[in-house]
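Since the structure comes first, as structure tokens, the remarks are kept for the end.
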Amino acid sequence: MSGELAVYLVQFALALALAPLLPGIINRVKAKFAGRHGKPLLQTYYDIAKLLGKGEVISRTTTWTFAAAPAIALAGTACAMALLPLGGAPSPLAFAGDFVLAAYLLGMGRFAVMLGALDTGSAFEGMGASREATFSALAEPVFFLALMVLTSLCLDLGRGATAAFSLSAMFDGHTAGAWLTGKGELLLLPVIFFVLLLVENCRIPVDDPTTHLELTMIHEVMVLDHSGPNLAMILYGSALKLWFFAALAAGLLTPALPLWQQAGLRLLIILLLAVAVGVVESIMARLRMERVPYLLGGAAAMGTLALILTQAR
């Protein structure tokens, strides 16, 4: 087994194992800011284990779509993560244009959860699905715009046209060092991916994952009717999605180092990003829904500026 493949497999196994730790870190940071002891750091693991041992209550109005949605969402997120380079090691599944597949694997999972929410016939869950569709439609162009900047940079660094359109080339560590050599506009990209992390995972200031008011929820309202193992899959899939976007931002902040050093540093940055999410959720309130497009518009403006400056050099 090659060194790169070994690093990748270890990192992928760690991602699958440690993803539920990120919500625990966020909750502990929020608790410290509020002066409380808070939930245990491993609370998400406990919740998943407990739900896997419970039965399910399924409405007679639902069809197979409702039952299949959590598994489809989890599988889509896990497959998208498998396309990411981990610890400086390229994904063995990498190919030109794999970022499109990764984006639409995530979109497939989101669409499945939305269909499951609509399948219940609940007006509240339908409202949540509508909000999810709206914000995801606004976030997707920002995601592709940021990747366009990275593709342009890879071409400038002498990568072939085939490699430049792969996530493994965009986030291999060499991109992170480019802002040290005069491409300061690339510092905007980690900010953009951090905003996308908050939006795609429905965190404050976009949504409050701890609220119990259906009128103000986005993601949580869509999964109100799920229980037992299906709810466990939703919780685990949400943690994996949080790790996916944190890994994107970490890939832009980790310079090219020896494989195991780069892997350790990238893992540390992912955990620190969870701390940053907890800080953000502790120091600011949730935005009114009509303000969320302005947040994504600001991220799009930063991406456009970065693209213009990259092309101008």
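Check the straight Cα-Cα distances from Lys183 and name the aspartates and glutamates below 20 Å, setting aside those fewer than 8 residues away within the same chain.
Within the straight-line limit of under 20 Å, Lys183 reaches these aspartates and glutamates: Asp156, Asp172.
Roughly speaking, to the nearest percent, how much of the range 170-313's 1.4 Å accessible area is carbon and sulfur?
Here carbon and sulfur together make up 70 percent of the probe-accessible area.
In deg cm²/dmol and to the nearest 500, what is the mean residue ellipticity at 222 nm of the chain if only DSSP H runs of at least 4 residues count, each as -39500 (n - 2.57), divided by the residue total?
-23000 deg cm²/dmol
If one takes the longest principal axis of the Cα atoms in the chain, at what angle in degrees, from 0 to 90 and to the nearest 10, does the Cα axis of helix 64-82 lie?
For 64-82 against the chain, the angle is about 20 degrees.
How are the C-alpha pair distances of the range 6-105 spread across 10 Å bins, as whole percents from the shortest bin up?
Distribution as computed: 13, 28, 31, 23, 4 percent.
Can you tell me the FRET efficiency between Gln43 and Ile283 if r is taken as the Cβ-Cβ distance and R0 is 25 Å, rounded to the nearest 0.05?
Working: r = 22 Å, r/R0 = 0.89.
FRET efficiency, Gln43 to Ile283: 0.65.
Work from the charge dipole of the chain (Cβ charges, +1 for Lys and Arg, -1 for Asp and Glu, about the Cα centre) and give the residue of Ala31, Ala49, Val7 farthest towards its positive end.
After comparing all options, I get Ala31.
Treat every Asp and Glu Cβ in the chain as -1 and every Lys and Arg Cβ as +1, leave all other atoms uncharged, and give the resulting dipole magnitude about the Cα centre to the nearest 20 debye.
Approximately 640 debye in magnitude.
Treat the range 79-142 as a sphere of radius equal to its Kirkwood radius over Cα pairs and apply Stokes-Einstein at 20 °C in a medium of 1.002 mPa s; give the translational diffusion coefficient in µm²/s, rounded to a whole number.
Details: Rh = 13.4 Å.
For these conditions, the coefficient is 160 µm²/s.
Do me a favour and compute the ellipsoid semi-axes for the chain from its Cα gyration tensor, root of five times each eigenvalue, largest one first, whole Å.
The three semi-axes for the chain are 32, 21, 20 Å.
Exactly which trypsin sites (Lys or Arg not before Pro) in the range 231-311 are in a DSSP loop and have at most 14 other Cβ atoms within 10 Å?
Answer by residue number: Arg288.
Looking at the range 59-165, which chymotrypsin sites (Phe, Trp or Tyr not before Pro) are in a loop (DSSP not H, G, I, E or B) and have at most 15 other Cβ atoms within 10 Å?
Passing both the DSSP loop test and the Cβ count: Phe95.
Taking the Cβ-Cβ separation of Thr210 and Asp156 as r and a Förster radius of 41 Å, what is the calculated FRET efficiency to the nearest 0.05?
Rounded to the nearest 0.05, the efficiency is 0.40.
May I ask which residue of Ala239, Ala96, Ser168 lies farthest towards the positive end of the charge dipole of the chain, with charges of +1 (Lys, Arg) and -1 (Asp, Glu) on Cβ and the Cα centre as origin?
So the residue furthest toward the plus end is Ala239.
Once the Cα atoms of helix 259-283 and of the chain are each reduced to a long axis, what angle between those two axes, in degrees from 0 to 90 to the nearest 10, is obtained?
So the helix axis and the longest Cα principal axis differ by about 50 degrees.
Identify the trypsin sites (Lys or Arg not before Pro) of the range 1-65 meeting these criteria: DSSP loop state and at most 12 other C-beta atoms within 10 Å of the C-beta.
Arg36, Lys54, Arg60
Tell me the label-point distance for the pair Leu272, Lys54, using the 7 Å Cα-to-Cβ offset, in nm and rounded to one decimal.
According to this spin-label approximation, the distance is 3.7 nm.
Provide the per residue accessible area, probe 1.4 Å, for the range 2-312, rounded to a whole number of square angstrom.
42 Å²
The values are calculated or read from the model by the stated rules, or taken from the named source; none is laboratory data. If you're wondering where the values come from, they're calculated on a predicted model, not measured in any experiment. Here Cβ is always computed from backbone atoms with ideal geometry, including for glycine, and neighbour counts include all displayed protein chains. Just the protein is used for accessible areas: all its heavy atoms, side chains included, with ligands, DNA and RNA removed. Shrake-Rupley method; radii C 1.70, N 1.55, O 1.52, S 1.80 Å.
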